[in-house]
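Throughout, read-outs are computed from the coordinates displayed, never taken from laboratory work. If you're wondering where the values come from, they're calculated on a predicted model, not measured in any experiment. Here the Cβ is made from the backbone with ideal geometry for all residues, glycine too, and neighbour counts use every protein chain on show.
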Amino acid sequence: MINSVQAWSKEKEAVSDTEMFFVQVDVCGRTLYALVDTGASNMFMSKEVVKALNLRVEPTGNTFKPVNSEGVRGIGSTSDVDVKIGDWRGNVDFEVIFLDDYDLILGMQFFNSVRS
């Protein structure tokens, strides 16, 4: 699947010299950009995207631990979301959290679920 994905890197602004890896993702027919984070365990979607796409969120009470910060309480999860990346298309679940800088974060759960 990675071969079918058009990706690019973007330098973090005012944070470090590290580059970040983004992919174009079609979610429910809308084009968004996702941060690919192999250090993240789950897949995350911002509450703003959930609202814009009118997706249903089931409360979960889950808490997530970002690196170098305190735990973040999730808003809930949304299931069976239609996602297209390159030639791959499928339905996936996202944890909904407050995200300031990104629409989506694709963690290892995504890569494990599509067996890339």
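Using a Förster distance of 25 angstrom, determine the FRET efficiency expected from the C-beta separation of Asp100 and Cys28, and round it to 0.05.
For Asp100 and Cys28, the calculated efficiency is 0.70.
How would you rank Tyr102, Tyr33, going from fewest to most other Cβ atoms within 10 Å of each one's own Cβ?
Tyr33, Tyr102
Kindly put Met43, Met108 in sequence by how many other C-beta atoms sit within 10 Å of each C-beta, fewest to most.
Met108, Met43
Once you list every other residue whose beta carbon is under 10 Å from the beta carbon of Asp103, what net charge do they have if Lys and Arg are +1 and Asp and Glu are -1?
Neighbourhood net charge equals -1.
Pull up all non-local amide H partners of Thr60: gap of 5 or more, or a different chain, and H-to-H distance under 5 Å with H placed in the peptide plane.
Gly76, Ser77
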